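Heads up: the structure comes next, in structure tokens.
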Amino acid sequence: MNLWILAVTLVKMAIGRPAHKRYPAVLTSHQKWIVSLDAILTERNWGGRHLALYPLKRINPMQSRVSLKTGWGVTSPESFHSTLQWLATEGHRMQLASVLGRPPVAWDFGRYVWVVRAGFAAGYVDEPGAWRLLSTVVAPVAQTYRSWQQFADDFVAGRELWMRSAGSEWSGTQEDTVSAVRSLLDPTNGESPWQQVPWETIYQVDQQIGRH
């Protein structure tokens, strides 16, 4: 059954309608900064889309629903919102703080942004609702870090600690995460959202700077 779902998903990714045609709305500089908080996860996943609310290059609700169900146990708007509530108020950061010496805010809120974007693609929240949910991450993240490097370091550290108790199926994937971070932080990588939207953007006046 899993192989069948994967096959259908891959076909839909190849032939589905391009996401930028369905969601052409202009994003502001602050909105682009916010969605870039899950750039590490997007970079790791084939078919992912940076600098947009819709997380995939092609419209595919099934892929997002399968990802949310298998990764988070999210199967409805209710479980979607309860998962976000947990990430926003608790997550893993406090239990990991005793090891790191600080709560890895990036680990919880980077995933929070991913869940919101996936939930939007899955149909569990509409576009205005998704932006309302995403707006809640700005203050805790912007007040904790001062660069994409700092944010990435905590995300990677938090994920590494989490992997120790996450189960054997996650073993060996940390290298992909580190590789994604390296690519995103590379100043010569013009495709990186972190190079296109500097960290300081969130402290500046919000502006409309492009389309999905």
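The values are calculated or read from the model by the stated rules, or taken from the named source; none is laboratory data. Since the structure is predicted, the reported quantities are computational estimates derived from the model, not experimental observations. Please note: Cβ atoms are built from the backbone with ideal geometry, for glycine as well, and neighbour counts cover all protein chains shown. The protein model used for the area step is the full one, side chains on, heavy atoms only, and it has no ligands, DNA or RNA in it. Shrake-Rupley method; radii C 1.70, N 1.55, O 1.52, S 1.80 Å.
A few points about this structure:
- For the chain, relative contact order (Cα pairs under 8 Å, six or more residues apart, normalised by length) works out to 31 percent.
- For Ala122, neighbours were defined as the other residues whose beta-carbon sits under 10 Å from its Cβ, and their charges (Lys and Arg +1, Asp and Glu -1) total +3.
- Probing with 1.4 Å while keeping every protein chain in the model, the per residue accessible area of the range 86-212 equals 49 Å².
- Close Lys pairs in the chain (alpha-carbon distance under 19 Å; sequence gap of 8 or more, or different chains): 6.
- Karplus-based coupling profile of the range 46-56, in residue order and whole Hz: 5, x, x, 9, 7, 6, 7, 6, 6, x, 10, with θ = phi - 60° in 6.51 cos²θ - 1.76 cosθ + 1.60 and x standing for Gly or Pro.
- Gyration tensor verdict on the range 123-189 (Cα atoms; rounded if a/c is under 1.5, prolate if a/b is larger than b/c, oblate otherwise): oblate
- Label zone (Gln174, point 7 Å along Cα-to-C-beta; backbone nitrogen cut-off 17 Å) within the range 126-164: 152-164.
- Hydrodynamic radius of the range 81-151 per Kirkwood, over alpha carbon pairs, in Å: 12.8
- Average silhouette area of the range 21-100, convex hull of alpha-carbon atoms, in square nanometres: 6.9
- Base-10 log of normalised Debye intensity for the chain (one unit scatterer per alpha-carbon) at q = 0.07, 0.12 Å⁻¹: -0.20, -0.61
- The heavy atoms of Glu191 present about 140 square angstrom of accessible area, all protein chains included, probe 1.4 Å.
- On the chain, 54 percent of the accessible area sits on carbon and sulfur atoms, based on a 1.4 Å probe.
- Listed values for the range 71-78 are Karplus-derived 3J(HN,Hα) couplings in whole Hz (6.51 cos²θ - 1.76 cosθ + 1.60, θ = phi - 60°), namely x, 10, x, 8, 10, 7, x, 5, and x replaces Gly and Pro.
- Residue-by-residue Karplus 3J(HN,Hα) for the range 142-156, coefficients 6.51, -1.76, 1.60, Hz, glycine and proline x: 5, 7, 8, 10, 10, 6, 5, 4, 4, 4, 5, 4, 6, 4, 5
- For the range 61-142, the relative contact order works out to 33 percent when only alpha carbon pairs closer than 8 Å and six or more residues apart are counted.
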